[in-house]
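Down below is the structure, laid out as C-alpha cells.
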Amino acid sequence: MSSERVTVSLPDEMLRAAQAVAEQRGVPFSAVVAEALAGRLVDAWLAEHQAQHGPFDEAELQTLAAKVGVPYLGPGRADDSAA
C-alpha cells in the first residue's frame, strides 16, 4: 500500500495521547493515526450499510469476522487478549 505525507492539526491533548500510544506500542505515530482513521471509516460504512439494509444479525457478523480473519466478539464480550 502506498502512502502520502499529509499535514493535520490535532488538539494538544489528542496529539500527546496518540504519541503515547505509538511509543507504548513501539510503532510510528502515523500507524496510530491510520488505525484510528480506519476504525472510523469502518464505523461510518457500517452505519450507512445498516441504514440502507437493516442491522446485521449475529450470524452475519460471525461470517464477516471469519471472512476477514478476525475474532468475533459479540455484544458485551471483552477481548481478553487486549488486557
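The values are calculated or read from the model by the stated rules, or taken from the named source; none is laboratory data. It should be emphasised that the depicted structure is a prediction, and the values quoted were computed from it without experimental measurement. All Cβ positions, glycine included, derive from the backbone under ideal geometry; neighbour counts span all protein chains shown.
Summed over segment 48-83, the residues that are hydrophobic (A, V, I, L, M, F, W, C), surrounded by 10 or more Cβ atoms within 10 Å (Cβ to Cβ) and either at pLDDT 90 or above or outside any loop (DSSP other than H, G, I, E, B) (or both) give a count of 4. Among the residues of segment 19-47, the one identified as β-branched (Val, Ile, Thr) and modelled with pLDDT under 90 is Val42. Note on segment 36-74: residues that are under 30 Å from Val8 (Cα atoms) and among the basic types (Lys, Arg) amount to 1. Considering Arg16, Arg5, the condition of being part of a helix (DSSP H, G or I), free of Cβ contacts under 8 Å to residues at least 40 places away in the same chain and either surrounded by 13 or more Cβ atoms within 10 Å (Cβ to Cβ) or not aliphatic (A, V, I, L, M) (or both) is satisfied by Arg16 alone.
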